[in-house]
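Report on the structure given below.
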Amino acid sequence: MSRRNQAQDADPVLITTTEALAELCARLRAEPFVTVDTEFMREKTYWPELCVVQLGGREDVAVIDAQAEGIDLAPLGELFADPAVTKVFHAARQDVEICILRFGAPPRPLFDTQVAAMVAGFGDQASYDSLVRGLAGASIDKAHRFSDWSARPLSAAQVAYAAADVTHLRRVYTALVERLTQDGRLSWVAEEMAELMDPATYRQDPETAWERLKPRTANRRYLAAIRAAAAWREREAQRVNIPRQRLVRDETLLEIAATQPATAAELSRARGITKGFAEGKAGAGLLAALATARELPESDLPEPPRQALNQGTPASPALIALLKVLLAAKAEEHHVAPRLIASSDELERLASESEPSVPALHGWRRQVFGQSALALKNGRLALGVEGRKVKLIPG
């Protein structure tokens, strides 16, 4: 048996003490990479509740009970901060968010196998299951996918399920690195990891929460009300630690911003708002936020979002369609997931703006697609068909 595959066959160890965790992390810090996964709960909370952390090394497979009495996760934070050890995740964004909340910084360096698989041509958002089947020749038992990971004690079946997420990941990682090295694309993955390791990616700024609602209006007074209501909801949800949608749903928040209630009685008429909420502390806070927004001078009102400003001069649907064809052709040519190269919103911006500041026009994406997209919209490139493939015809 090769040393590389020992972790796949090792029995997982449940870690419940700081001493055992420190010994584990000391061993793993001598390795070039470690596979990582987390299990958490956030259905009823704003902040994710970390329950379990899984680590996989050459000879170690461990499931760490993050809620064990008296356990100190500081050795785990030191491992995540060690620049000599690559931390390998699959679909890392939520895991990294938890690391930032718990340890104050993202794991560095980081490798996300889902992103790497998209670069390597495995399609949009390649699932862990499919990569394990295709690259590790194994299958995943999904029986405990929806377990209550906060319940104690953890069962032997839960521990085995959790451990599988990091054992198979070692072979997935090594296979992807080998393929990307052959294709000369490891630097592409590094560009994507820079965003995942940027703490700003995960910053929950109440003052920008309104942007997630994507209001399509140029009415700056209405936007000020939306901004104020969304910022209040974000702060209140954080304070009481409940999901923002459970506090006030998006559609209700937009209705409140549109109707501008000034009293508890007016607020209680909004869909989903109870009389108790409207007359209580939460309702008073929301009304105060709206009142402050109404008093803002014109200079302090938010600028309309780009999509609202472009409503009068929409991009040509035909040009957008051509850019989509070009994107598909380029993705096929380079064996890269189309969604990783450019989003639908970016294609619209490429069609309507001369040279917008979008990821598709920077880094490896510009080389693969962006330059051709600009040439197409400026008449220097045409699309044709040769056999059963789209052909690019220089203008």
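The values are calculated or read from the model by the stated rules, or taken from the named source; none is laboratory data. Here the structure is a predicted model, which means the values were calculated and not measured. All Cβ positions, even for glycine, are placed from backbone atoms using ideal geometry, and neighbour counts span all protein chains on display. Surface accessibility is based on the protein's heavy atoms, side chains included, excluding ligands, DNA and RNA. Shrake-Rupley method; radii C 1.70, N 1.55, O 1.52, S 1.80 Å.
Go through Leu131, Leu223 for me and flag whichever is modelled with pLDDT of 90 or more and not assigned by the TED database to the domain that holds Ser299. Steps first, please.
On the way: Leu223 fails: not assigned by the TED database to the domain that holds Ser299.
Sole residue among the options that is modelled with pLDDT of 90 or more and not assigned by the TED database to the domain that holds Ser299: Leu131.
Going by the conditions given, is Glu303 in the same structural domain as Pro215 (by the TED database) and either farther than 30 Å from Ile226 by Cβ or open to solvent by 50 Å² or more (accessible area, probe 1.4 Å) (or both)?
Yes; evaluated as a whole, the condition is true for this residue.
Just give me the residues in the range 245-297 being open to solvent by 30 Å² or more (accessible area, probe 1.4 Å), of a type in the set (S, T, N, Q) and within 21 Å of Thr217 (Cβ to Cβ), in sequence order.
Thr259, Gln260, Thr292
Surrounded by 14 or more Cβ atoms within 10 Å (Cβ to Cβ), modelled with pLDDT of 95 or more and either of a type in the set (Ser, Thr, Tyr) or more than 20 Å from the chain's Cα centre (by Cα) (or both): does that describe Ala229? Working first, answer last.
Working: surrounded by 14 or more Cβ atoms within 10 Å (Cβ to Cβ): yes; modelled with pLDDT of 95 or more: yes; either of a type in the set (Ser, Thr, Tyr) or more than 20 Å from the chain's Cα centre (by Cα) (or both): yes.
So Ala229 fits the description; yes.
Could you list, in sequence order, all residues of the range 198-216 that are in a loop (DSSP other than H, G, I, E, B) and open to solvent by less than 30 Å² (accessible area, probe 1.4 Å)?
Pass one, the range 198-216, residues in a loop (DSSP other than H, G, I, E, B): 198, 203-205, 214-216.
Correct list: Pro215 only.
Filtering the range 127-174 down to residues that are of a type in the set (D, E, K, R) and more than 17 Å from Val61 (Cβ to Cβ), which residue is most open to solvent (accessible area, probe 1.4 Å)?
Arg133
For the range 52-74, what are the residues that are under 21 Å from Phe111 (Cβ atoms) and not in a strand (DSSP E or B)?
Those that are under 21 Å from Phe111 (Cβ atoms) and not in a strand (DSSP E or B): Gly57, Arg58, Glu59, Asp60.
If you take the residues in the range 367-382 that are under 34 Å from the mean Cα position of the chain (by Cα) and either of a type in the set (Ser, Thr, Tyr) or surrounded by fewer than 16 Cβ atoms within 10 Å (Cβ to Cβ) (or both), which one is farthest from Val119 (Cα to Cα)? Give the steps one after another, and end with the answer.
Within the range 367-382, the first condition is being under 34 Å from the mean Cα position of the chain (by Cα), and the residues that meet it are 367-378.
After this cut, where a residue has to be either of a type in the set (Ser, Thr, Tyr) or surrounded by fewer than 16 Cβ atoms within 10 Å (Cβ to Cβ) (or both) as well, the list is 367, 371-372, 378.
On the way: Gln367: 14, Gln371: 18, Ser372: 19, Asn378: 28 Å.
Result: Asn378.
Out of Glu59, Glu97, report the one residue that is open to solvent by 20 Å² or more (accessible area, probe 1.4 Å), touching a helix residue (DSSP H, G or I) at 6+ places or on another chain (Cβ under 9 Å) and farther than 17 Å from Arg170 by Cα.
Glu97
Pick out the one residue from Glu355, Glu332, Glu348 that is open to solvent by 50 Å² or more (accessible area, probe 1.4 Å), in contact with a helix residue (DSSP H, G or I) (Cβ under 7 Å, 6 or more places away or on another chain), closer than 30 Å to Glu195 by Cβ and outside any loop (DSSP other than H, G, I, E, B).
Details: Glu355 fails: outside any loop (DSSP other than H, G, I, E, B); Glu332 fails: in contact with a helix residue (DSSP H, G or I) (Cβ under 7 Å, 6 or more places away or on another chain).
One residue alone meets the criteria, Glu348.
Residues are listed down the side, and each one gets a yes or a no for (1) out of contact with any Asp or Glu (no Cβ under 9 Å at 6 or more places or on another chain); (2) without any contact (Cβ under 8 Å) to a residue 40 or more places away in the chain; (3) under 28 Å from Trp364 (Cβ atoms):
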site: Phe111; (1), (2), (3): yes, no, yes
site: Val119; (1), (2), (3): no, no, yes
site: Gly123; (1), (2), (3): yes, no, yes
site: Gly137; (1), (2), (3): yes, yes, no
site: Lys142; (1), (2), (3): no, yes, no
site: Asp183; (1), (2), (3): yes, no, yes
site: Trp188; (1), (2), (3): yes, no, yes
site: Glu192; (1), (2), (3): no, no, yes
site: Tyr202; (1), (2), (3): no, no, yes
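Can you confirm whether Leu267 is within 20 Å of Ala230 (Cα to Cα), of a type outside the set (S, T, N, Q) and outside the structural domain of Val189 (by the TED database)? Please lay out each step first, then the result.
Details: within 20 Å of Ala230 (Cα to Cα): yes; of a type outside the set (S, T, N, Q): yes; outside the structural domain of Val189 (by the TED database): yes.
So Leu267 fits the description; yes.
Taking the condition surrounded by 16 or more Cβ atoms within 10 Å (Cβ to Cβ) and touching a Ser or Thr at 6+ places or on another chain (Cβ under 8 Å), does Ala342 pass?
Details: surrounded by 16 or more Cβ atoms within 10 Å (Cβ to Cβ): yes; touching a Ser or Thr at 6+ places or on another chain (Cβ under 8 Å): no.
No.
Kindly indicate the residue of the range 100-118 that is among the charged types (D, E, K, R) and closer than 26 Å to Glu43 by Cβ and also surrounded by the most Cβ atoms within 10 Å (Cβ to Cβ) among those meeting that condition. If you could, list the steps in order and put the result at the bottom.
Going through the range 100-118, the residues among the charged types (D, E, K, R) turn out to be 102, 108, 112.
Cutting the leftovers down to closer than 26 Å to Glu43 by Cβ gives us 102, 112.
Values: Arg102: 17, Asp112: 22.
Only one residue fits best here, namely Asp112.
Could you tell me whether Leu50 is in contact with a strand residue (DSSP E or B) (Cβ under 6 Å, 6 or more places away or on another chain), farther than 21 Å from Ala194 by Cα and of a type outside the set (Val, Ile, Thr)?
Judged against the criteria, Leu50 is a match.
Considering only residues that are assigned to a strand (DSSP E or B) and either under 30 Å from Arg249 (Cα atoms) or hydroxyl-bearing (Ser, Thr, Tyr) (or both), which ones fall in the range 37-51? Steps first, answer last, please.
First, pick out the residues of the range 37-51 that are assigned to a strand (DSSP E or B): 37-41, 49-51.
Result: Thr38, Glu39, Phe40, Met41, Glu49, Leu50, Cys51.
For Ala194, indicate whether it is part of a helix (DSSP H, G or I), among the aliphatic types (A, V, I, L, M) and outside the structural domain of Cys99 (by the TED database).
Values: part of a helix (DSSP H, G or I): yes; among the aliphatic types (A, V, I, L, M): yes; outside the structural domain of Cys99 (by the TED database): no.
Judged against the criteria, Ala194 is not a match.
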